Amino acid sequence: MKGKKGFTVAEGDFHPLTGTLALTLRERGEREPLRLLVEPPVRGMRVFRRTPGGLVDQGHRLPHALLDAPPGRAHALTGLRAFLSELPPEAVQTARGIAHGQYPCLALLGCHEAARQLWSTCPALLWILGVGIAERPYASDEIAGLLKLSHKALCRALLPGCDARGVTLLRRLRGMAYFLEDFLTLRALLHRPGFLEHAAHLPAVSWPALRMVSDALMGTPRLMASPLFREALARETPDRQALERIREYVQDALRLGARLGIEHPERALRQCPDLSRLRRLHDRWTGQVHALDVGDILGRTALAYPPPPVAGTADILPVTGAAQLHAEGRAMRHCVFSHLEDVLAGRAYVYRMVAPQRATVRIERAGAGWRLGEMRLAGNVLPSDHAVGEAWAWLDRARRAGVRESGTTKA
């Protein structure tokens, strides 16, 4: 988010001699306004809260995106314009493209030449520093000290445990959106064991593509072992449908390899430079799993297969056991059996659709409920839009009817 939308600028007073900006912000629903004093660039642009007893140091926190603040009065806008005119124009222009942590980044860019140089060489690292300043107060000398560090040392200081390969990836990121969700996702990926092993070797990384598959990477960082997957992440303009297709095939191939007892399935993935080779590998391993006896796969111990989280219908029937799941995959010539662990863990469930098309439907957990995950016809053919619409309508009817998982959780 760009800031608290409930805040509006009621007053703004720029003092031309001291260069300070006095702001009065009003939050929707609150009686008392928030009064702030913002220091000029020469004093670090720190923000103080004005109280009857004096000033309270707030570091570089500002509860509103200053550059997008909607003025409540004409002189408030004039005050903001006068304050911003004291800053380098390129700093103001750059900060406009930053959502989360906008003001701390503006302060860095406006006060430090080293920050502007860092932005030109590794913008993601400057942004992470700005977010860190927003989260906890830093003294001015601390900020100056951080900006003197090398990229690797600064990365270690901001993201403890992240090695030099993290800096390499940050330098090569393209298309970062700079939202809070982006920061949380990026931080999680940088600390995910196994991710940087391959990601740091990419010549460029498309952030929209990386964000698209971030959940899958958090669960299966070995996806990066596929050169075809890595190539899709490096494309300047990601093809969402193609990337998802590659992700599905690679993820399923890794599951199938594990089911077949292949010690290093990643080695086979490295020999698949294009989608047709990857598909052939996937289909070959799928056929080998189908040829196995389900009792030999699972052992003779009965599994605690969970009950259906959403009631079936005459046209959408739940698959209620491991043997049924194996038979469904064999009949439909696809790898749905590779999702057995997700079903047993309560992360997914599988259904047989008999009309309007014969399809396999996988639903996946979404918060407290369920959403449509995948639908495939025989041979992994995509279903019609009508069939997909019927599956969504079935889930929607279940939600509205208050269907409960295990008698407690709504579907």
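Check region 175-184 and report whether any residue there is assigned to a loop (DSSP other than H, G, I, E, B), surrounded by 15 or more Cβ atoms within 10 Å (Cβ to Cβ) and touching a Cys at 6+ places or on another chain (Cβ under 9 Å). There is at least one residue in region 175-184 that is assigned to a loop (DSSP other than H, G, I, E, B), surrounded by 15 or more Cβ atoms within 10 Å (Cβ to Cβ) and touching a Cys at 6+ places or on another chain (Cβ under 9 Å). From the list Arg270, Arg211, Arg280, the one residue that fits, being among the basic types (Lys, Arg) and under 23 Å from Asp342 (Cα atoms), is Arg211. Taking the criterion of being β-branched (Val, Ile, Thr) and outside the structural domain of Glu244 (by TED's automatic domain parsing), the only residue of region 178-219 that qualifies is Thr185. Scanning region 114-135 for residues that are among the small types (Gly, Ala, Ser) and in contact (Cβ under 8 Å) with a residue 24 or more places away in the chain returns Ala114, Ala115, Ala124, Gly130, Gly132, Ala134.
Considering region 1-21, and only residues there that are of a type in the set (A, V, I, L, M, F, W, C) and surrounded by fewer than 16 Cβ atoms within 10 Å (Cβ to Cβ), the residue that is modelled with the lowest pLDDT turns out to be Met1. Quick check on region 163-173. Is at least one of its residues modelled with pLDDT under 95, farther than 24 Å from Ala204 by Cβ and not in a helix (DSSP H, G or I)? No, that holds for no residue. Scan region 286-338 for residues that are β-branched (Val, Ile, Thr) and modelled with pLDDT under 90 and the total you get is 3.
Scanning region 261-291 for residues that are among the aliphatic types (A, V, I, L, M) and surrounded by 14 or more Cβ atoms within 10 Å (Cβ to Cβ) turns up Ile262, Ala268, Leu269, Leu275, Leu278, Leu281, Val289. In region 106-156, counting only helices (runs of 4 or more DSSP H) that sit wholly within it, the ones holding 2 or more residues that are at pLDDT below 95, in contact with a Pro (Cβ under 7 Å, 6 or more places away or on another chain) and in the same structural domain as Arg96 (by TED's automatic domain parsing) span 123-135. Is region 39-57 home to any residue that is more than 19 Å from Ala99 (Cα to Cα), of a type outside the set (A, V, I, L, M), in contact with a Pro (Cβ under 8 Å, 6 or more places away or on another chain) and touching a residue at least 24 places away in the same chain (Cβ under 8 Å)? Yes. The requirement of being modelled with pLDDT under 90, surrounded by 14 or more Cβ atoms within 10 Å (Cβ to Cβ) and in contact with a Ser or Thr (Cβ under 8 Å, 6 or more places away or on another chain) is fulfilled nowhere in region 396-411; no residue meets it.
Counting only strands (runs of 3 or more DSSP E) wholly contained in region 1-87, the ones carrying 1 or more residues that are of a type outside the set (Val, Ile, Thr) and touching a Gly at 6+ places or on another chain (Cβ under 7 Å) occupy 7-14, 21-27.
Among the residues making up region 188-229, those that are more than 17 Å from the chain's Cα centre (by Cα) and assigned to a helix (DSSP H, G or I) are Glu197, His198, Arg222, Ala225, Pro227, Leu228, Phe229. The set of residues from region 95-111 being free of Cβ contacts under 8 Å to residues at least 60 places away in the same chain and buried (at least 20 other Cβ atoms within 10 Å of the Cβ) comprises Ala95, Tyr103, Pro104, Cys105, Leu108, Leu109. Close contacts from region 202-222, counting a first residue that is closer than 15 Å to Ala253 by Cα and a second that is in a loop (DSSP other than H, G, I, E, B), with Cβ to Cβ under 8 Å and a gap of 6+ residues or different chains, come to Leu217/Arg192; Leu217/Phe195; Pro221/Arg192; Pro221/Pro193; Pro221/Gly194; Pro221/Phe195; Arg222/Gly194.
The values are calculated or read from the model by the stated rules, or taken from the named source; none is laboratory data. The model shown is predicted, which means the values in this text are computed figures rather than measured ones. In this analysis, Cβ positions are derived from the backbone assuming ideal geometry, glycine residues included, and neighbour counts consider all displayed protein chains.
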